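Data block below; observations after.
The values are calculated or read from the model by the stated rules, or taken from the named source; none is laboratory data. Given the structure is predicted, the values throughout are model-derived calculations rather than measurements. Note that each Cβ is placed from the backbone with ideal geometry, even for glycine, and that neighbours are counted across all protein chains shown. Heavy atoms of the whole protein, side chains included, go into the accessibility calculation; ligands, DNA and RNA do not. Shrake-Rupley method; radii C 1.70, N 1.55, O 1.52, S 1.80 Å.
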Amino acid sequence: MNRFERRPLSAGEAEIEYLDGEFRVLRPGSFVRCAATGVPIKLEDLRYWNVDLQEPYASPEAKLQRLGIKPKAT
(Lines give C-alpha, C1' and ligand atoms only; values in the text may rest on other atoms or scores of the structure.)
Protein backbone atom coordinates (compact mmCIF):
# COMPACT_ATOMS: atom_id res chain seq x y z
CA MET A 1 0.00 0.00 0.00
CA ASN A 2 1.35 3.40 -0.81
CA ARG A 3 0.37 6.88 0.22
CA PHE A 4 -1.80 7.41 -2.85
CA GLU A 5 -4.09 4.45 -2.22
CA ARG A 6 -7.22 5.09 -0.19
CA ARG A 7 -7.64 3.43 3.19
CA PRO A 8 -10.40 0.81 3.26
CA LEU A 9 -13.60 1.87 4.98
CA SER A 10 -14.74 -1.64 5.89
CA ALA A 11 -14.26 -2.78 9.48
CA GLY A 12 -13.77 -6.44 8.50
CA GLU A 13 -10.70 -8.43 7.57
CA ALA A 14 -8.93 -7.31 4.41
CA GLU A 15 -7.57 -9.52 1.66
CA ILE A 16 -4.06 -8.39 0.72
CA GLU A 17 -1.53 -9.18 -1.99
CA TYR A 18 1.93 -8.82 -0.45
CA LEU A 19 4.57 -7.33 -2.75
CA ASP A 20 8.20 -6.31 -2.32
CA GLY A 21 8.13 -3.21 -0.10
CA GLU A 22 4.36 -2.64 -0.37
CA PHE A 23 1.05 -4.42 -0.47
CA ARG A 24 -2.13 -4.17 -2.52
CA VAL A 25 -5.62 -4.33 -1.03
CA LEU A 26 -7.71 -6.86 -2.96
CA ARG A 27 -10.73 -6.80 -0.63
CA PRO A 28 -11.21 -3.76 1.61
CA GLY A 29 -10.98 -4.16 5.35
CA SER A 30 -9.33 -2.57 8.34
CA PHE A 31 -7.04 -5.43 9.45
CA VAL A 32 -5.34 -8.73 8.61
CA ARG A 33 -4.46 -11.59 10.95
CA CYS A 34 -0.89 -12.49 11.85
CA ALA A 35 0.00 -15.87 10.31
CA ALA A 36 1.97 -16.87 13.42
CA THR A 37 -0.13 -15.59 16.32
CA GLY A 38 -3.56 -14.91 14.85
CA VAL A 39 -3.72 -11.42 16.35
CA PRO A 40 -5.35 -8.73 14.20
CA ILE A 41 -2.99 -6.18 12.63
CA LYS A 42 -4.39 -2.82 11.55
CA LEU A 43 -3.41 -2.11 7.95
CA GLU A 44 -1.73 1.13 8.99
CA ASP A 45 0.44 -0.89 11.43
CA LEU A 46 1.34 -3.68 8.97
CA ARG A 47 5.14 -3.71 8.54
CA TYR A 48 6.17 -7.37 8.24
CA TRP A 49 5.15 -9.99 5.68
CA ASN A 50 6.49 -12.79 3.52
CA VAL A 51 6.03 -12.27 -0.22
CA ASP A 52 6.64 -15.93 -1.12
CA LEU A 53 4.19 -17.30 1.45
CA GLN A 54 1.79 -14.31 1.18
CA GLU A 55 1.54 -14.06 4.98
CA PRO A 56 1.47 -11.05 7.33
CA TYR A 57 3.25 -10.93 10.71
CA ALA A 58 2.59 -8.76 13.76
CA SER A 59 6.31 -8.41 14.60
CA PRO A 60 9.77 -9.67 13.60
CA GLU A 61 9.53 -12.18 16.44
CA ALA A 62 6.25 -13.53 15.03
CA LYS A 63 7.93 -14.07 11.66
CA LEU A 64 10.78 -15.99 13.30
CA GLN A 65 8.22 -18.04 15.24
CA ARG A 66 6.38 -18.90 12.02
CA LEU A 67 9.64 -19.95 10.36
CA GLY A 68 10.50 -22.15 13.37
CA ILE A 69 13.53 -20.06 14.39
CA LYS A 70 14.00 -19.35 18.07
CA PRO A 71 15.23 -15.83 18.91
CA LYS A 72 18.63 -15.61 20.56
CA ALA A 73 18.59 -15.01 24.30
CA THR A 74 20.20 -11.74 25.32
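Kindly establish whether residue 44 is modelled with pLDDT of 95 or more and surrounded by fewer than 16 Cβ atoms within 10 Å (Cβ to Cβ). Here the answer is yes, as residue 44 does meet what is asked. Sub-7 Å Cβ pairs linking a first residue in segment 29-52 that is closer than 17 Å to residue 68 by Cβ to a second residue that is surrounded by 12 or more Cβ atoms within 10 Å (Cβ to Cβ) and among the small types (Gly, Ala, Ser), at least 6 apart or interchain, are 34/58; 34/62; 36/62; 37/58; 37/62; 48/59, ordered by first then second residue. Any chance segment 18-30 includes a residue that's at pLDDT 95 or above, in contact with a Pro (Cβ under 8 Å, 6 or more places away or on another chain), part of a loop (DSSP other than H, G, I, E, B) and open to solvent by 50 Å² or more (accessible area, probe 1.4 Å)? There is at least one residue in segment 18-30 that is at pLDDT 95 or above, in contact with a Pro (Cβ under 8 Å, 6 or more places away or on another chain), part of a loop (DSSP other than H, G, I, E, B) and open to solvent by 50 Å² or more (accessible area, probe 1.4 Å).
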